[in-house]
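Written below as structure tokens is the structure these notes are about.
All of the numbers you see were taken from the coordinates with simple rules; none came from a lab. Small disclaimer: the values here were computed from a predicted structure and weren't measured. Using ideal geometry, Cβ is built from the backbone for each residue, glycine included, and neighbour counts are taken over all protein chains shown.
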């Protein structure tokens, strides 16, 4: 048996960053942890980045994931908001690479397609599917659910890849080719 | 005599990030080091953030600055470029706070006003003034010069503050008031 895969998912935000941790046991997804990192609204940018960086490092130290996945933020119409979100996302990725974790990126569209089956799904549908797929007793907050959905996206996309390879396909230059 | 102040200045960029280090000896500015961190253009975002973060940490370990100053990037008309720049800047600030450095932020306008005396100065004027003020033998690259200009901005603004306090002013709630 392979080493179990433990995925850390991050949904970056300038105010609230969601995180989720799941285990891949065979083809099963097992919930490990999830939560939110909230940055103090009146703090300076450096203080907020400090909080974000330290907490992500703490989550990694606590749960020891083997891989990470982060949502690709969509470019906002508000340039100042885009810059803020970019800064938060840059700090998150800095924490992941600082802890030597491989980083995978998925767009919101890829996450919705993987978890709900279609790219135009509402936030509530994502939340609902996360609860179903991980057999959770309660509903996690929207940001934590999004982070868990990013974990599931990474898990599902890699299952499918593995399955396709088993079915006689190999990958060459990033494309599937028949063996 | 006070502990000497060593300022690390950062001019963040998605491709090239400039850095500069100067010492404040009394009212004199003494050049210590400067350079550029170039990220490989074909690398993934995580790889580029890794390069940026590690090199800033290395610069801090090598030169042991006591304070840092970083240029506030202007919000671009191109949202994707703004996001990229934000991510690089967030990673830079993460490296600074990770190394426990106080972080000060200055806008491009503040830097130009401090170094050249007017906010509409051309890049070449900034470069020229940096060479003059630090009595350099050669001209540093544009990005390194910008980073040194950020150092000088922090130094000059704090000189002026110290001078005004000496002249009988105190600061209350962020404003100068006569003692």
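Remark: mean inter-chain Cβ contacts per residue of B:72-78 equal 3, using a 10 Å Cβ-Cβ cutoff to other protein chain atoms.
Peptides A:64-74, A:149-159: what's the order by average Cβ count within 10 Å, highest mean first?
By packing density, highest mean first, the sequence is A:149-159, A:64-74.
What separates the residue A:44 label point from its copies, with the point 7 Å along Cα to Cβ, is 3.4 nm, written shortest first.
Using C-alpha positions alone, give me the convex hull volume of the stretch A:5-178 per residue in cubic angstrom.
132
Measure out, as a whole number of angstrom, how far apart the alpha-carbon centroids of the stretch B:1-40 and the stretch A:66-137 sit. About 35 Å separates the Cα centre of the stretch B:1-40 from the one of the stretch A:66-137. Axis angle, to the nearest 10 degrees, between helix A:142-166 and the longest C-alpha principal axis of chain A: 20 degrees. Let me have the relative contact order for chain B, percent, based on Cα pairs under 8 Å that are six or more residues apart. Result for chain B is 27 percent. Convex hull volume per residue, computed on the Cα atoms of the protein assembly as shown, equals 177 Å³. Expressed as an acute angle from 0 to 90° and rounded to the nearest 10, what is the orientation of the C-alpha long axis of helix A:45-63 relative to the principal long axis of chain A? Tilt of helix A:45-63: around 40 degrees. Between this copy and the others, label points of residue B:57 are 0.8 nm apart in ascending order, each placed 7 angstrom from Cα in the Cβ direction. A helix-only calculation puts the protein assembly as shown at -15500 deg cm²/dmol for mean residue ellipticity at 222 nm, using -39500 (n - 2.57) for each DSSP H run of at least four residues, averaged over all residues.
Helix A:123-133 and the longest principal axis of the Cα set of chain A meet at an angle near 50°.
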